[in-house]
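A.B. asks: This structure is in structure tokens; I'll ask about it shortly.
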Amino acid sequence: GKPAENATDATNPDELTFSILSAENQASMEPLWAPLLDDLSASIGIKVKPYFATNYTSLVEAMRFKQVHMGWFSASPALQAVRRADGEVLGRVVDAGGDATYKSVLIVRKGSGLTLDKVLACDKTLNFGMGDTQSTSGTLAPMTYLFTPRNIEPARCFKTVRSASHQANTFAVANGVVDVATNNTVGLIFFARQNPELAAKVETIWESPPLPESSIVVRKDLDPALKEKIRQFFLTYGTGTDEKAAKQREVLKGLAYGGFRPADNSYLDPVREMEASEALAAAKRGGDAGKIAKAQAEFDKVRAEAAQARAIAPAPVQ
Amino acid sequence: MTDAAVLSIRNASKTFGQRRALDDVSLEVHKGEIIALIGPSGSGKSTLLRSISALQTIDAGPGVITAFGGPVQKDGKIDSNVRKTRTRIGMIFQQFNLVGRLSLFSNVALGSLGRIGFWQAALGLWPAETKQAVMAALHRFGISDYASQRANTLSGGQQQRGAIARALVQKAKIILADEPVASLDPVSARRVMEILRELNETDGLTVIVTLHQVDYALRYCKRVVALKAGKVVYDGPPSDLKRDRLIDIYGPEFEDVFWEGAPT
Amino acid sequence: MTDAAVLSIRNASKTFGQRRALDDVSLEVHKGEIIALIGPSGSGKSTLLRSISALQTIDAGPGVITAFGGPVQKDGKIDSNVRKTRTRIGMIFQQFNLVGRLSLFSNVALGSLGRIGFWQAALGLWPAETKQAVMAALHRFGISDYASQRANTLSGGQQQRGAIARALVQKAKIILADEPVASLDPVSARRVMEILRELNETDGLTVIVTLHQVDYALRYCKRVVALKAGKVVYDGPPSDLKRDRLIDIYGPEFEDVFWEGAPT
Amino acid sequence: MTVQPGAIPPPPVRTLAQRAPDLLIWGCLIGLLAIAFGPAELYKLPLLFSNSANMQELGRGFITPDFTHWTLYVGKMWQTIQMAIWGTSLAIVTAIPLGLLASRNITPAFIQVPIRRLLDVVRSVPDLVIGMIFLVAVGPGPLAGVMALAIGTSGVLAKLFSEATESIDRGPVEGVRATGGAKLHEIVWGVIPQVAPLWTSYALYRFESNSRSATVLGLIGAGGIGQVLVDSMNAFDYSSTAAIVLVIIVAVSLIDMLSQAIRSRLL
Amino acid sequence: MTVQPGAIPPPPVRTLAQRAPDLLIWGCLIGLLAIAFGPAELYKLPLLFSNSANMQELGRGFITPDFTHWTLYVGKMWQTIQMAIWGTSLAIVTAIPLGLLASRNITPAFIQVPIRRLLDVVRSVPDLVIGMIFLVAVGPGPLAGVMALAIGTSGVLAKLFSEATESIDRGPVEGVRATGGAKLHEIVWGVIPQVAPLWTSYALYRFESNSRSATVLGLIGAGGIGQVLVDSMNAFDYSSTAAIVLVIIVAVSLIDMLSQAIRSRLL
Ligand SMILES: Nc1ncnc2c1ncn2[C@@H]1O[C@H](COP(=O)(O)OP(=O)(O)OP(=O)(O)O)[C@@H](O)[C@H]1O
Ligand SMILES: Nc1ncnc2c1ncn2[C@@H]1O[C@H](COP(=O)(O)OP(=O)(O)OP(=O)(O)O)[C@@H](O)[C@H]1O
Ligand SMILES: [Mg+2]
Ligand SMILES: [Mg+2]
């Protein structure tokens, strides 16, 4: 296709760009994704060009400026895409092993004798490894579900708190240079697969409630017919019984996914909830009464909305 | 300043830190003169020549240098039109100042920069005329065999002759030569001095040449200017440059220098 | 090789690309000699001196250079113990080879590298003896005022005298001087030649000096070696260096060079 | 022979005032190192030896390179090199004039200083911002990567070019100036021949580091070997990482050898 | 006067064989640029102009810097500088001997070539791997960052140091050699004074780029301004990003001015 056109005719481009956010725990995705996108291209009759990137900010901005039409985002970036880049959630992924295996965890070194209680004792003796500030399972989830409800502020609770990548944290715990760290269930599976000896040295002491996984986000202003075609493609992918479906299941297996399920923006409510909780905690730290009240109101509102959504639709996970 | 003066230096001083390299030097040079600039080491000869070609500013103040009636520098500032003046002044440096990584040929061809097209010069597309002039100059000094050798692999004397060839190719109206024969064997030295004299006599060029060999100065030049500690201490014909004058310039030890055939 | 020979060059050749800079040169130098090395520009004088101090290899083959009875280089390979030999050979370079960014004092102090403690030398903690020797040498050449000035801001003659001072501080047994007086005024030149002679006569040093001024060679040296196109064309006392010999060395134009007081 | 009159003067001594700038710089450096000792946790250094078993264990993952996907790696390497060659070439084209304009011995201060500050700004703007700016204009993919590399590299190269230019010997430049050459002629004939070997090595160094760069290309979806590398590390797949690193080592070594070959012609 | 006998010879012409290496290099470069034109999507370049509105709109987010948390930014900048100063200093200490050993005009080939390849390897190993190795030994935090910076920087500095060394004038070195100085004396007195200005500028350039580096420090929990920058961008908080970039610009400019001041003393 002509490059100039996918910029101008955004609703019905003759070439679709599909961004794939390089998530933690995914090896060389390009060859794995290629057959899926070829199938998509064949199914909707428009060429699909994949882009892999390590940073979601740039992908969200690219989608905002119509340089990217749809993308594969993990939960928190997906929310940003919906907010900033006129995106809407089209579907979500289920893992190969079934549903809802994705949870945030706290890990310690096996035999260290550390328990959740000891961690929460806040005696300033432990070194704590946190994820990056915007990481769902590394930071947001443990804050929302573990620390904030107990009014614990990690910086005041532990000897040191450092933000690092998941891999760095995992190795640090396994090698005993950090006492407790955050991670997630999928990350641990990968870690165990590649480094069995080290993985044996790590144990989980806390699991969060299930977290939303990656989802497919498309630009809202895409032609509705086209959007529907894309939705149909994903939802039926690998579900048939014929030989084609078997092949599709092979593709999915490569990606370590079980298939796709329908979802909409409310799928991301837990992330919104986590964000609001984080904002509330930040306000509380700041100690400004006005800000606290405002953040509290926002938090309550998001929470209520999430509960409502859950009541109407089946729970996004489980 | 006389109208006929092709070069005029008035009240030029130059101070490096504490050191006065030029001390209120005034000099009028007329068209067609050939002047030997002598003086002990460190007396400011190179500094004076460098100031004339505006490679160096003189101290701010009353000092003025003009060439061909136009200003070269004034009050410590170099005139903005100096480039045109420079193309008419050929400079032969004491340290040769060749570009080590270029061939001898290219180095000498640079002499034509001021007179060929701007882009031609920038791209090194030397016109046939330049090429011929370069080879003629190299041949004249007996170094045409070395045309394609890199300048930094040439012997000292070969480099010096290359530097002189560059000034020749420049076809300047004034030649400033800073010890052009220092690294040369007697025959080459004589050849260079002859060429300078020929340029002066036949082509009417004005020549200022720095020399340590007083005998060369006496033989080839019609006027001798002597510097000592930055001051002009003699300016006149070689015939007046008697023994006691020279002792005055170079110090009492000069007495012992000319063991034979020295001017008396 | 004679036993008394302090320096022996046998069958040394050096080829740069196509050019033969040294062509089967053999030379025996005895302790206490003072030798003038003359020859036209490009005849291989510098190349010979550089080969003796092993700054350059000669061509592989039969060529051997020995100093103080020990090998300097052989078959195109520099001897591994050459460092000790070098401390006993002072070299004065045609292009001075001072370190431009160091002060004149430091440059001259480098002459003592070979004889003071390794780390002292590396850290520049010059012993009092070195400091005195440096200042004495600078004073001797009339440049002690410039001791703290950077070498690259000195005048040509000042740099040349600095380079000679460095060799003096080195307290070598052999001095190789490549045109040590080229950039010097007559008085300084004479002073340098007198010092070389004094070192030779009083201290018994062996001196090889490259000169373009044939008169200096005749006056100061007891033996003259002439190179031409890399070949030794004369080796004998100055008294035998008659006009036709010189014409042989420098070419027919030499006839015109000595217009007065030339050897006949 | 004649000796200069007067006594031998004492060796020069640098006064405190002459030494002050040097002492200041060294004092500041040592002071900074001392101040930063604590915050940089240098006192933990002995851990490096006591915990060396950990390092070995981690290293073990790397000793069995897995070349299953080697064609992919080589392809990606090639892809990165293609982007790097355009990015670096465009950067050189801008860096040459900027570098010359930023050199104090070529350019008057009233131009040189602002250019210098401009270059500081260019180097300070994060890769991600530069990448994003091009991303929103030309869409994700190689071109955005090329442009991001070009901008970032030109800031660095212009700085390095200018500092090499400031270190040249002014003799040859004066030689050209004295013939009446224009500024451009001085540069072409007096400056460039002197700086050519260093400029070449800078350009090839940046080409090399662009070829192995993961950051900006990966951030904006331009792909390349860096992306594959990050992905393999994210999956804890150190055998693949090791294989990718080997591919990069080969590429870097080839570029380095090329660099040496070109430079030895220029030296 | 006397003219040399014989006719004036023609100007030298370079034969095809002499030109071959140059033609080869230029041919390869142009060929590569042509081959890479398509894959690098250079044909999309016009989009840069037609879509410039996008760039402006994106840029608009940056024009209102938000300095609310400026103390945090300055603190983080200072923290990074402290890590950078140790990392760079340690790197310099290793890069000096390595750089000299990697210089062809100082070191015999049988040592120089392996060192050169070793440096290639060091530069090829990704930051993240280096960081992780130190992380498991000394734990996450500044020291791991310092060590990772030190290793990565020493590979680059040693290469740059060696290429500056290869470009020096050998005259002064020979001057020192002829006095009978040992190899070390040649280096201290003949080489170092010549390369000092360039080495200083390299060292300060790396100090500067370490001070603004985000990648390796952020990945292994060493924090610093780079981490804050990435976080602010990830939160789409471009006003804060702009403020942070301004802080970095000030720091980079100060380091650059320091670099110029030190170099002008050495030149
Ligand atoms: N590195 C080199 N590469 C190529 N040729 C060289 C090199 N060094 C010297 N030559 C050549 O070798 C010859 C002898 O040079 P050398 O410097 O020994 O001459 P010289 O007798 O000292 O001359 P001068 O009196 O001019 O100093 C010259 O033709 C010179 O061009
Ligand atoms: N850049 C500089 N910085 C400091 N001093 C300088 C500088 N250039 C020249 N000088 C000093 O100025 C004085 C005159 O130098 P100049 O080079 O003009 O002497 P000269 O007459 O050419 O001597 P020579 O015959 O030795 O070449 C010397 O004392 C020298 O040390
Ligand atoms: Mg002079
Ligand atoms: Mg010579």
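A.B. asks: Restricting to the range B:166-191, and then to whatever is within 13 Å of ligand 2 (Cβ to nearest atom) and among the acidic types (Asp, Glu), can you tell me which residue is nearest to the chain's Cα centre (by Cα)?
C.D. replies: B:Asp178
A.B. asks: Quick one: is B:Val25 away from every other protein chain (no Cβ under 14 Å), within 16 Å of ligand 3 (Cβ to nearest atom) and buried (at least 19 other Cβ atoms within 10 Å of the Cβ)? Spell out how you get there, then give the answer.
C.D. replies: Details: away from every other protein chain (no Cβ under 14 Å): yes; within 16 Å of ligand 3 (Cβ to nearest atom): yes; buried (at least 19 other Cβ atoms within 10 Å of the Cβ): yes.
The answer is yes for B:Val25.
A.B. asks: Sticking with this one: Give me the pairs: first residue in the range B:42-68 and within 13 Å of ligand 2 (Cβ to nearest atom), second residue among the basic types (Lys, Arg) and outside any helix (DSSP H, G or I), beta-carbon distance under 6 Å, and six or more apart or on different chains, which are they?
C.D. replies: B:Ser43/B:Lys228; B:Thr47/B:Lys14; B:Ile58/B:Lys14; B:Asp59/B:Lys14
A.B. asks: Within the range E:27-49, is even one residue surrounded by fewer than 14 Cβ atoms within 10 Å (Cβ to Cβ), more than 32 Å from the chain's Cα centre (by Cα) and either modelled with pLDDT under 85 or not in a loop (DSSP other than H, G, I, E, B) (or both)?
C.D. replies: no
A.B. asks: Looking at C:Lys31, C:Lys84, can you tell me which residue is under 24 Å from C:Leu199 (Cα atoms) and at the interface with another protein chain (Cβ under 8 Å from one of its Cβ atoms)? So that I can check it myself, show each step before the final result.
C.D. replies: Details: C:Lys31 fails: at the interface with another protein chain (Cβ under 8 Å from one of its Cβ atoms).
None of the other options fit; the residue is C:Lys84.
A.B. asks: If you don't mind, another one. Name the one entry in E:Ala203, E:Ala243, E:Ala222 that is outside any helix (DSSP H, G or I) and more than 7 Å from every other protein chain (Cβ to nearest Cβ).
C.D. replies: Answer to the selection: E:Ala222.
A.B. asks: Look through the range B:82-99, keep the residues that are out of contact with any strand residue (DSSP E or B) (no Cβ under 7 Å at 6 or more places or on another chain) and free of Cβ contacts under 8 Å to residues at least 60 places away in the same chain, and return whichever of them is nearest to ligand 4 (Cβ to nearest atom).
C.D. replies: B:Gln95
A.B. asks: Another one. Taking only pairs six or more apart or across chains, which ones have beta-carbon atoms under 9 Å, a first residue in the range E:112-125 that is of a type in the set (Gly, Ala, Ser), and a second residue that is surrounded by fewer than 19 Cβ atoms within 10 Å (Cβ to Cβ)?
C.D. replies: The qualifying pairs are E:Ser124/D:Leu246; E:Ser124/D:Ile249; E:Ser124/D:Val250; E:Ser124/D:Ser253.
A.B. asks: Could you list, ordered by first residue, the pairs with Cβ atoms under 7 Å in which the first is in the range E:151-171 and more than 13 Å from E:Ala102 (Cα to Cα) and the second is of a type in the set (Ser, Thr, Tyr), at least 6 apart or interchain?
C.D. replies: Once the first residue is more than 13 Å from E:Ala102 (Cα to Cα) and sits in the range E:151-171, its partners that are of a type in the set (Ser, Thr, Tyr) give E:Thr153/E:Thr88.
A.B. asks: Is at least one residue of the range D:225-239 more than 9 Å from chain B (Cβ to nearest Cβ) and among the aromatic types (Phe, Trp, Tyr)? It would help to see each step written out before you state the result.
C.D. replies: Our first condition is that a residue be more than 9 Å from chain B (Cβ to nearest Cβ); within the range D:225-239, this holds for D:225-239.
Of the ones still in play, those that are also among the aromatic types (Phe, Trp, Tyr) are D:236, D:238.
Yes, because at least one residue in the range D:225-239 is more than 9 Å from chain B (Cβ to nearest Cβ) and among the aromatic types (Phe, Trp, Tyr).
Yes/no matrix, rows are residues, columns are (1) facing another protein chain (nearest Cβ under 9 Å); (2) on the phi < 0 side of the Ramachandran plot; (3) within 16 Å of ligand 4 (Cβ to nearest atom):
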residue: C:Gly142; (1), (2), (3): yes, no, no
residue: C:Ala177; (1), (2), (3): no, yes, yes
residue: C:Val192; (1), (2), (3): no, yes, no
residue: C:Leu199; (1), (2), (3): no, yes, no
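A.B. asks: From B:Gln149, B:Gln160, which residue is closer than 30 Å to C:Leu154 by Cβ and within 16 Å of ligand 3 (Cβ to nearest atom)?
C.D. replies: Answer to the check: B:Gln160.
A.B. asks: Something else now. Looking for whichever is farther than 18 Å from E:Leu149 by Cβ and surrounded by 23 or more Cβ atoms within 10 Å (Cβ to Cβ) here; the options are E:Ile244, E:Ile220, E:Ile248. Which one fits?
C.D. replies: On the way: E:Ile220 fails: farther than 18 Å from E:Leu149 by Cβ; E:Ile248 fails: farther than 18 Å from E:Leu149 by Cβ.
Matching residue, one of E:Ile244, E:Ile220, E:Ile248: E:Ile244.
A.B. asks: Show the residue pairs meeting these rules: Cβ distance below 7 Å; 6+ apart or different chains; first residue within the range A:164-182 and more than 7 Å from every other protein chain (Cβ to nearest Cβ); second residue among the charged types (D, E, K, R).
C.D. replies: Matching pairs, first to second residue: A:His166/A:Glu24; A:Val173/A:Arg109; A:Ala174/A:Arg109; A:Ala174/A:Lys201; A:Gly176/A:Arg109.
A.B. asks: Determine whether B:Asn107 is surrounded by 24 or more Cβ atoms within 10 Å (Cβ to Cβ), in contact with a helix residue (DSSP H, G or I) (Cβ under 6 Å, 6 or more places away or on another chain) and away from chain C (no Cβ under 14 Å).
C.D. replies: The answer is yes for B:Asn107.
A.B. asks: C:Arg140 fails exactly one of the following numbered conditions: (1) in contact (Cβ under 8 Å) with a residue 40 or more places away in the chain; (2) within 16 Å of ligand 3 (Cβ to nearest atom). What is the number of that condition?
C.D. replies: Just one mismatch for C:Arg140, condition (2).
A.B. asks: Taking helices (runs of 4 or more DSSP H) that do not extend beyond the range B:97-154, which have at least 2 residues that are of a type in the set (Phe, Trp, Tyr)?
C.D. replies: B:118-123
A.B. asks: Also, I was wondering about something else. Of C:Asp244, C:Asp203, C:Asp235, C:Asp240, which residue is surrounded by fewer than 16 Cβ atoms within 10 Å (Cβ to Cβ) and touching a Leu at 6+ places or on another chain (Cβ under 9 Å)?
C.D. replies: So the residue among C:Asp244, C:Asp203, C:Asp235, C:Asp240 that is surrounded by fewer than 16 Cβ atoms within 10 Å (Cβ to Cβ) and touching a Leu at 6+ places or on another chain (Cβ under 9 Å) is C:Asp235.
A.B. asks: Okay, moving on. Return yes when C:Ile92 is more than 14 Å from chain B (Cβ to nearest Cβ), of a type in the set (Val, Ile, Thr), within 16 Å of ligand 1 (Cβ to nearest atom) and buried (at least 24 other Cβ atoms within 10 Å of the Cβ) and no when it is not. Break it down stepwise before answering.
C.D. replies: Values: more than 14 Å from chain B (Cβ to nearest Cβ): no; of a type in the set (Val, Ile, Thr): yes; within 16 Å of ligand 1 (Cβ to nearest atom): yes; buried (at least 24 other Cβ atoms within 10 Å of the Cβ): yes.
No: the conditions fail for C:Ile92.
A.B. asks: Restricting the search to the range D:165-186, which residues are more than 7 Å from every other protein chain (Cβ to nearest Cβ), under 23 Å from the mean Cα position of the chain (by Cα) and part of a helix (DSSP H, G or I)?
C.D. replies: D:Thr165
A.B. asks: If you don't mind, there's one more thing I want to ask. Output the residue which, of all residues in the range B:154-165 that are over 12 Å from the mean Cα position of the chain (by Cα) and within 16 Å of ligand 2 (Cβ to nearest atom), is surrounded by the most Cβ atoms within 10 Å (Cβ to Cβ).
C.D. replies: B:Gln160
Table: residues versus (1) farther than 21 Å from C:His212 by Cα; (2) at pLDDT 90 or above; (3) in contact with a strand residue (DSSP E or B) (Cβ under 6 Å, 6 or more places away or on another chain).
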{"position": "B:Ala147", "(1), (2), (3)": "yes, yes, no"}
{"position": "B:Gly162", "(1), (2), (3)": "no, yes, no"}
{"position": "B:Ala165", "(1), (2), (3)": "no, yes, no"}
{"position": "B:Ile175", "(1), (2), (3)": "yes, yes, yes"}
{"position": "B:Val181", "(1), (2), (3)": "no, no, no"}
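A.B. asks: Given (1) within 10 Å of chain E (Cβ to nearest Cβ); (2) over 27 Å from E:Gly75 (Cβ atoms), where does D:Arg60 come up short, assuming only one miss?
C.D. replies: Evaluating D:Arg60 over (1) within 10 Å of chain E (Cβ to nearest Cβ); (2) over 27 Å from E:Gly75 (Cβ atoms) leaves (1) as the failure.
A.B. asks: Just for the range B:47-72: of the residues that are within 16 Å of ligand 3 (Cβ to nearest atom) and over 26 Å from B:Glu201 (Cβ atoms), which one is farthest from the chain's Cα centre (by Cα)?
C.D. replies: Per the stated criteria, the residue is B:Gln56.
A.B. asks: Another question, then. Could you tell me whether any residue of the range C:193-208 is within 16 Å of ligand 1 (Cβ to nearest atom) and modelled with pLDDT of 90 or more?
C.D. replies: Within the range C:193-208 (the criterion being within 16 Å of ligand 1 (Cβ to nearest atom) and modelled with pLDDT of 90 or more), the answer is yes, since at least one residue qualifies.
A.B. asks: Residues in the range E:170-185: is at least one buried (at least 24 other Cβ atoms within 10 Å of the Cβ), modelled with pLDDT under 90 and touching an Asp or Glu at 6+ places or on another chain (Cβ under 7 Å)?
C.D. replies: no
A.B. asks: Take B:Ala217 and tell me if it is surrounded by fewer than 24 Cβ atoms within 10 Å (Cβ to Cβ) and touching a Leu at 6+ places or on another chain (Cβ under 7 Å).
C.D. replies: Judged against the criteria, B:Ala217 is a match.
The values are calculated or read from the model by the stated rules, or taken from the named source; none is laboratory data. Since the structure is predicted, the reported quantities are computational estimates derived from the model, not experimental observations. Cβ: placed from backbone, ideal geometry, glycine included. Neighbour counts: every protein chain shown.
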